[in-house]
Amino acid sequence: MRSHAQAVVIGGGVIGCSILYHLAKLGWTDVVLLERDELTSGSTWHAAANIHGLHDSTNISRLQHYTMNLYKELEAETGQSCGVFQPGSLYLAQTEAREHQLRLQEAKARRYGMNFHEVSRDEAERLHPMVNFDGIRCIMFEPDGGNVDPSGVTAAYAAGARQMGAEIVRFTPVTGTEAQPDGTWIVRTGKGDIATPWVINAAGLWGREVAALAGLTLPLQPTEHQYFVTETIADIAGMDRRLPSVADRDGEYYLRQEGQGLLVGAYEKDLRFWAEDGTPQGFGHELFADDLERIEDNMMRAIDRVPAVGEAGIKRVINGPMIWSPDANVLFGPVPELRGYFCCNGIIPGFSQSGGMGKLAAEWMVEGEPSLDLFGWDMARFGAWAGKEFTKARVGDQYANRFKIHFPTEERDAGRPVRTRPVYQMQKDMGAQFGLNYGWEHPLWFAAKDEPDHETYGFDRQNWWGPVGRECNMLRDAAGIIDISNFAKYSVKGPGAADWLNAVFANRMPKAIGRSCLTPLIGKRGGIAGDFTVTRLAEDEFMVIGSGMAERYHARFFKQVPLPDGTSFTSLTNAMCGFNVAGPQSRALIGRLTNASLATEDFPFMRSKRITVAGVDCVALRVSFTGDLGWELHCAAADQETLYSALLQAGKDLGAGPVGSRALMSLRIEKGYGSWGREYSPEWWPAESGLAGLIKLDKDFLNKQAYLALSDRPAREKLVVIEVDAKTADASGGEPIFLADGTPIGQVTSGAYGYSVGKSLALGYVRADLAVGGTECVVAVLGRDHSARVLSAPPFDPDGARLRA
């Protein structure tokens, strides 16, 4: 066994072996994988190993498509069979909502050239004559869908990695991972130690235990999961081809051919957690006792759809463990608090995602950043607030609702509330409907008298559409008070504060006290890793405001630039709260509560002051994400209730009131403002996002060379505002954009109805040569083509007159 390596992978399941393979493929051949037992021990060996390409997330679809294609390449490269069966997959929709979901996925497939299309009932019956298609309103077919052999795939990754020089050491439990002063690691085993710059936790069921060796707690919880295989079915035995798998997700089961019988699996409501206090070290190839009664309801629905299931005997039952994160997505990426420690834990559809996951992991470590933005996988989306109780509640909800559609605006209640601000109860009493943002409860919208006291979910307009419109119009006509406490807030103090900020951010930091600037943060590949507002409060003090959900993500970037002596960087997100008071009456509203002059000549746009509002000390910034006249007021958390009460009271006779984040989404889209995680992403170049003008090349900044390397390249696509001819639903993000002849030209990043301009709107990226006002296109809202056009300017206040009034 080597004593030094470029990276050490812990865990010999399919994911660990894929990461090892992809690291070697990118040139890191001095790498080692350590497995406590035999390869595939844990959850890999008993997986159903279904493969499919389409996912609600566009980028995950692209990675799953890559994975499916990779298996045949692996076989040719290594000579090791992956046991690939690709008879196709039939996707069934029993409900209108499921049909919308499938049509959206079909539109995305058209954009990326993936094979996924609608078939008639006659064609579906020819493909799978054993299925009863009664009650099905839409059928899609994915010709490349199917399943693989779990052991074969794992062995192929291992063989490919070994061929390139990687080492795999079995029956070698890791007993310690010790961080060294220089940022490297010592990995301890009973067979010796390995020094390495990178530790990769791909330990599957033991991910929590391996993380604990490094002092890390991961939000993971295993459950039991069952599927069964029938005895031989004569009709299948008599066929000269393999039957396609059946994805009847409204029936809450999955079904495919296994041998000459059928395999049926289910995610039941009456789930069983396992190993809540830790996975037993001696566990390996064991299974749990059968308990088919738990999945009886799911089985009966499968029998209704495929009657042969009920007529065949059961050959075997597999009841084994799976390990989940709170949202059923992988915990992926470098740990922000630990240099050189990479996580890849909590994977559910491992055989659909193993190749893409290994590829992105290798890119992140070798090249510094993955080629695709997948913040939805990034472990930094959770913080210490995602504790054991929250994790268990969310995992229970995810398991029991595995096949339930997760609608674009849906907020599930399990495990909440976790973190609340002082005004939470006041907002709740005012009819607030809450969402979750990095653990914090924040108001989505407020139900006024005679308005719904709950919200419904779907792809089309829901019961909150009217209340959100009321809030938008109230703000545009008078004023609105938006809780922005979930924004990330930082303080940078000391003699080196300005120099440090200039070294991190691409824009030049304000030189005068009271001035603010907008600035991009540049990623390793030259894209947009973040967008921030920076305000100079004193000669040696700055306030920085960014995305709240990305606070842990952005910590990786901040740590890349050493702080000068005597200079501090402190998160104020927990300690401070904030409100955006915006609209034409916002000056009058705040003016009733302060002695400070808010006149434009005294308090211009993009300026800041420390002022007192209703007796509360505030940092006031004249900015507003609504695109309207407005101020952000940031105060100590202890003063939030006092400030909020005063603002609400002062605004009553002006026609002002509380406004939620759903309205803010609509308002900022009317103005054409982008948002991090949607319009601003490491995948997009500054010139494409409209942020190149904020980059100053007469100074150094983080990843400047990466930006320079692409700054002279022509834009691939550009961010535009689009008006969509939609009457019952609005774009939400991810919808493909085509020309009328079906040529794909881009995709939507955000969408909403613009209440104050009377238009259904979308922000999105379209091919650069078509990113001009008047370009006619179609947007696949609900998966169906809707006529649309690129606007030459934002429909609300295009000249910024109200913003600067």
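Placing pseudo-labels 7 Å out from each Cα toward the beta carbon at residue 700 and residue 792 gives an inter-label distance of 4.5 nm. Each part gets one Cα centre, and for region 649-723 versus region 420-496 those centres are 21 Å apart.
Computed from the Kirkwood radius of its Cα pairs, the Stokes-Einstein diffusion coefficient for region 227-341 at 10 °C and 1.306 mPa s stands at 95 µm²/s. Based on every Cα atom in region 633-676, Rg and the maximum pairwise Cα distance Dmax equal 13.5, 35 Å.
Based on the Stokes-Einstein relation at 25 °C and a viscosity of 0.890 mPa s, and on the Kirkwood radius from alpha carbon pairs, region 31-163 is assigned a translational diffusion coefficient of 148 µm²/s.
Each residue, residue 512 and residue 610, gets one label point 7 Å from its Cα in the Cβ direction; the gap between the two is 2.0 nm.
Rounded, prolate or oblate for region 40-83? Axes are the square roots of the Cα gyration tensor eigenvalues, ordered a ≥ b ≥ c, and the cut-off for rounded is a/c under 1.5. It is oblate, given that a/c is not under 1.5 and a/b is not larger than b/c. Principal axis extents of the C-alpha atoms in region 163-316 (largest first, rounded to whole Å): 64, 40, 26.
Quick check: Cα centre of region 257-302 to Cα centre of region 753-805, how many Å? Between the Cα centre of region 257-302 and that of region 753-805, the gap is 48 Å.
Going by average Cβ neighbours within 10 Å, how do the peptides 595-602, 194-201 rank, with the highest at the top?
Working: 595-602: 12.1, 194-201: 22.9.
Final packing ranking: 194-201, 595-602.
Farthest towards the positive end of the charge dipole of the chain, among the residues 480, 801, 82, is the Cα of 801, using unit charges on the Cβ of Lys, Arg, Asp and Glu.
With the cut-off at under 11 Å, measuring from each backbone N in region 777-805 to a point 7 Å along the Cα-to-Cβ line of residue 600 picks out 800-805.
The charge dipole of region 119-200, taken about the Cα centre with unit charges on the Cβ atoms of Lys, Arg (+1) and Asp, Glu (-1), comes to about 300 debye, rounded to the nearest 20. Rg/Rh for region 367-423 stands at 1.04; both radii use Cα atoms, and Rh follows the Kirkwood definition. Backbone geometry of region 688-695 corresponds, through the Karplus equation with coefficients 6.51, -1.76 and 1.60 at θ = phi - 60°, to 3J(HN,Hα) couplings of 7, 8, x, 10, 4, x, 8, 9 Hz, x marking Gly and Pro. Working from label points 7 Å from Cα in the Cα-to-Cβ sense, the residue 568 to residue 708 distance is 3.6 nm.
With n ≥ 4 as the cut-off for DSSP H runs, can you work out [θ] at 222 nm for the chain, using -39500 (n - 2.57) per run divided by the number of residues, rounded to the nearest 500?
Working: 20 runs with 202 residues, N = 805.
Calculated from helices alone, the mean residue ellipticity at 222 nm is -7500 deg cm²/dmol.
For residue 180, project a label point 7 Å along Cα to C-beta. Then give me every residue of region 19-40 with its amide nitrogen under 16 Å of that point. 31-32, by backbone N distance to the label point.
What Kirkwood hydrodynamic radius do you get for the chain when you take the inverse of the mean 1/r over all pairs of distinct Cα atoms, in Å?
Values: mean 1/r = 0.0356 Å⁻¹.
Computed over the chain, the radius equals 28.1 Å.
Accessible surface for region 733-801, divided over its residues, is 35 Å² per residue with a 1.4 Å probe.
Per 0.36 nm of contour for each residue apart, how much would the distance between residue 77 and residue 191 grow if the chain were fully extended, relative to their Cα-Cα spacing?
Extending this stretch completely gives an extra 37.9 nm.
Rounded to the nearest 20 debye, the dipole magnitude of region 114-261 is 580 debye, with +1 charges on Lys and Arg beta carbons, -1 on Asp and Glu beta carbons, and the Cα centre as origin.
Say R0 is 25 Å: what FRET efficiency, to the nearest 0.05, do residue 317 and residue 260 get from their beta-carbon distance?
Numbers: r = 18 Å, r/R0 = 0.71.
The calculated FRET efficiency here is 0.90.
When you count the other C-beta atoms within 10 angstrom of each residue and take the mean per peptide, 368-379, 291-302 line up highest first as 368-379, 291-302. Of interest is the spacing of the C-alpha centroids, which for region 355-408 and region 582-635 amounts to 38 Å. Let me know the Kirkwood hydrodynamic radius for region 628-752, please, with Cα pairs as the basis and the value in Å to one decimal. About 18.4 Å for region 628-752. Our summary of shape: the Cα atoms of region 553-611 have principal axis extents of 43, 21, 18 Å, ordered from largest down, in whole angstrom. Based on the Stokes-Einstein relation at 37 °C and a viscosity of 0.692 mPa s, and on the Kirkwood radius from alpha carbon pairs, region 368-467 is assigned a translational diffusion coefficient of 211 µm²/s.
For the chain, the residue among 97, 354, 560 whose Cα projects farthest onto the positive side of the dipole built from Cβ charges is 560.
Restricted to Cα atoms, region 485-562 shows a radius of gyration and a Dmax of 11.8, 34 angstrom. The alpha carbons of region 1-80 give a radius of gyration and a Dmax of 14.4, 43 Å, in that order.
Sorting check: for 102-113, 733-744, which peptide has the highest mean count of neighbouring beta carbons within 10 Å, and how do the rest follow?
Numbers: 102-113: 20.2, 733-744: 17.8.
Most protected by this proxy first, the peptides run 102-113, 733-744.
Report in % the part of the accessible area of region 153-231 that belongs to carbon and sulfur, leaving out ligands and nucleic acids; probe 1.4 Å. Each step should come with its number before you reach the end.
On the way: 1430 of 2670 Å².
The computed percentage sits at 54.
How large is the charge dipole for the chain, taken about the Cα centre, if only the Cβ atoms of Lys, Arg (+1) and Asp, Glu (-1) carry charge, to the nearest 20 debye? Display every interim value, and only then the final one.
Values: 81 positive and 99 negative charges, 422 e Å.
Dipole about the Cα centre, nearest 20: 2020 debye.
Counting only protein heavy atoms and a 1.4 Å probe, region 173-212 has 37 square angstrom of accessible area per residue.
The relative contact order of region 176-273, computed from alpha carbon pairs under 8 Å that lie at least 6 residues apart in sequence, is 20 percent.
Simple rule: put +1 on each Lys or Arg Cβ and -1 on each Asp or Glu Cβ in region 484-619, find the dipole, and look at 505, 576, 550; the Cα lying farthest toward the positive end is 550.
With a cut-off of 8 Å between alpha carbons and a minimum separation of six or more residues, what is the relative contact order of the chain in percent? Intermediate results must be reported in sequence, preceding the final value.
Details: 1911 pairs, mean separation 93.5, N = 805.
Answer for the chain is 12 percent.
Taking region 694-805 on its own, what percent of its Cα-Cα pair distances exceed 21 Å? More than 21 Å apart: 45 percent of the Cα pairs in region 694-805.
Round to the nearest 0.05 the FRET efficiency obtained for residue 638 and residue 37 when R0 = 56 Å and r is the Cβ-Cβ distance. Once rounded, the FRET efficiency stands at 0.60.
Taking all protein chains as present, what is the carbon and sulfur share of the accessible area of region 249-288, in % to the nearest whole number, probe 1.4 Å? Could the numbers behind the result be given before it?
Numbers: 770 of 1640 Å².
Roughly 47 percent, rounded to a whole number.
The values are calculated or read from the model by the stated rules, or taken from the named source; none is laboratory data. Remember, it's a predicted structure, so these values are computed and weren't measured experimentally. Every residue, glycine as well, gets a Cβ built from its backbone with ideal geometry; the counts of neighbours run over all protein chains shown. For accessibility, only protein heavy atoms count, side chains too; no ligands or nucleic acids. Shrake-Rupley method; radii C 1.70, N 1.55, O 1.52, S 1.80 Å.
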